[in-house]
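Here's the structure, in structure tokens; my notes come after.
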Amino acid sequence: MPAQIIDGKAIAASIRQELRIEVEALEKANKRVPGLAVVLVGDDPASSIYVKNKRRDCKEIGFKSEVVKLEKEISQDKLLAKIAQFNDDPSIDGILVQLPLPDHIDNLAILEAIDPNKDVDGFHPYNVGRLVLRYPGLRPCTPMGVMQLLERTGIPIMGKDATVIGVSNHVGRPMALELLLAGCSVSATHKFTSNVQEYVEYADIVISAVGIPGLIKGEWVKPGATVIDVGITRDEHGKLHGDVEFDEASKRAGWITPVPGGVGPMTRVCMLQNTLYAMTQFHSGD
Ligand code: GUN
């Protein structure tokens with residue numbers, strides 16, 4: 001039987017609806033709505049589209065959003081000053097500095113400057129540390145989105161063998177930590193792993209976050225396994241591709257995410273969930 005499709009677009013839409021209802025309840029109670037600040041440095045076209053989408057999502061569910069566009073040459077000190085301003089702004093619950101940043105900016109210094117209780121990306125070392133210690137606070141959005149895809153689809157997680165391919169700071173590493181927290185036995189493979197195939201063949205849950213189309217061969221997938229494809233690469237014709245050979249993998253997997261329409265919409269909606277969480281957990285008295 002072919003794999004069932006995990007429809008990230010539909011799941012994200014239902015979460016947005018839930019968020020909308022929570023915002024309406026705040027409005028009815030004459031409370032302020034959550035506020036998200038997005039900082040975009042430079043004019044990278046992909047980043048500009050991401051930022052535009054975030055603004056649209058906020059509008060749809062009734063969040064306040066503030067977008068600041070800064071020139072590519074901005075000094076690190078000026079960028080830090082902008083972040084400090086949002087840290088001090090009581091109408092802002094979440095701050096997101098769109099990545100990548102220009103080369104002259106020290107990424108870690110910027111991430112560390114964001115108030116950890118407004119760090120809706122979950123990238124601040126404080127929030128990463130909390131996840132390591134099994135006390136998650138604000139969680140990185142893509143792994144959080146993947147966990148919600150699994151949970152809301154009813155896929156068993158506890159005690160399963162999971163393989164994460166790719167160990168980036170923002171996706172692979174926190175993904176492995178989330179799965180560990182949820183009770184999986186986790187393998188994390190990377191560019192020095194010589195036998196990725198064996199790790200995939202063994203796994204009940206495969207999560208690939210590399211960005212190399214076709215890296216994960218469909219025939220490696222264990223029958224009935226769940227396959228989550230975080231990879232997203234645009235080819236020269238503008239078509240999007242995941243890391244997994246979708247057609248072949250679909251013949252073997254129990255569940256699989258498409259690209260596009262799988263993980264991507266979940267990353268976006270988790271940013272919004274984090275913003276509401278930051279408000280209710282940390283700033284509700286403001
Ligand atoms: N650039 C691409 N994806 C992301 C993201 O999730 N957060 C931030 N801050 N920048 C990004």
- request: Report yes if some residue within segment 232-243 is farther than 23 Å from Phe123 by Cβ and surrounded by 24 or more Cβ atoms within 10 Å (Cβ to Cβ); otherwise report no.
  value: yes
field: Any strands (runs of 3 or more DSSP E) falling wholly within segment 1-106 and containing at least 1 residues that are free of Cβ contacts under 8 Å to residues at least 12 places away in the same chain
entry: none
statement: Note: among Ala81, Ala109, just one is surrounded by fewer than 19 Cβ atoms within 10 Å (Cβ to Cβ), within 16 Å of the ligand (Cβ to nearest atom) and of a type in the set (Gly, Ala, Ser), namely Ala109
- line: Note on segment 249-264: residues more than 23 Å from the chain's Cα centre (by Cα) and not in a loop (DSSP other than H, G, I, E, B) are Ala249, Ser250
query: Is there a residue being among the hydrophobic types (A, V, I, L, M, F, W, C), out of contact with any Pro (no Cβ under 7 Å at 6 or more places or on another chain), more than 14 Å from Ile256 (Cα to Cα) and assigned to a helix (DSSP H, G or I) anywhere in segment 207-219?
result: no
- prompt: Which of the residues spanning segment 127-154 are away from the ligand (no atom under 16 Å from the Cβ) and surrounded by fewer than 21 Cβ atoms within 10 Å (Cβ to Cβ)?
  reply: Gly129, Arg130, Val132, Leu133, Arg134, Tyr135, Pro136, Gly137, Glu151, Arg152, Thr153, Gly154
- request: Of the conditions (1) within 17 Å of the chain's Cα centre (by Cα); (2) touching a residue at least 24 places away in the same chain (Cβ under 8 Å), Ala176 clears all except one; give me its number.
  value: (2)
message: away from the ligand (no atom under 16 Å from the Cβ), surrounded by fewer than 19 Cβ atoms within 10 Å (Cβ to Cβ), modelled with pLDDT of 95 or more and not β-branched (Val, Ile, Thr): is that true of Gly285 in this structure?
response: no
query: Just one of Thr275, Thr267, Thr257 is β-branched (Val, Ile, Thr) and farther than 19 Å from Ser65 by Cβ; which is it?
result: Thr257
- prompt: Taking the condition on the phi > 0 side of the Ramachandran plot, small (Gly, Ala, Ser) and within 14 Å of the ligand (Cβ to nearest atom), does Gly62 pass?
  reply: no
message: Within segment 38-53, does at least one residue satisfy the condition of being away from the ligand (no atom under 16 Å from the Cβ) and not hydrophobic (A, V, I, L, M, F, W, C)?
response: no
- request: Scan segment 242-253 and give yes if some residue there is modelled with pLDDT of 95 or more, under 15 Å from Ala12 (Cα atoms) and in contact with a helix residue (DSSP H, G or I) (Cβ under 7 Å, 6 or more places away or on another chain), otherwise no.
  value: no
query: Which of the residues belonging to segment 220-247 are basic (Lys, Arg) and in a loop (DSSP other than H, G, I, E, B)?
result: Lys222, Lys239
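The values are calculated or read from the model by the stated rules, or taken from the named source; none is laboratory data. From a predicted model like this one, the values you see are computed outputs, not experimental measurements. Cβ: placed from backbone, ideal geometry, glycine included. Neighbour counts: every protein chain shown.
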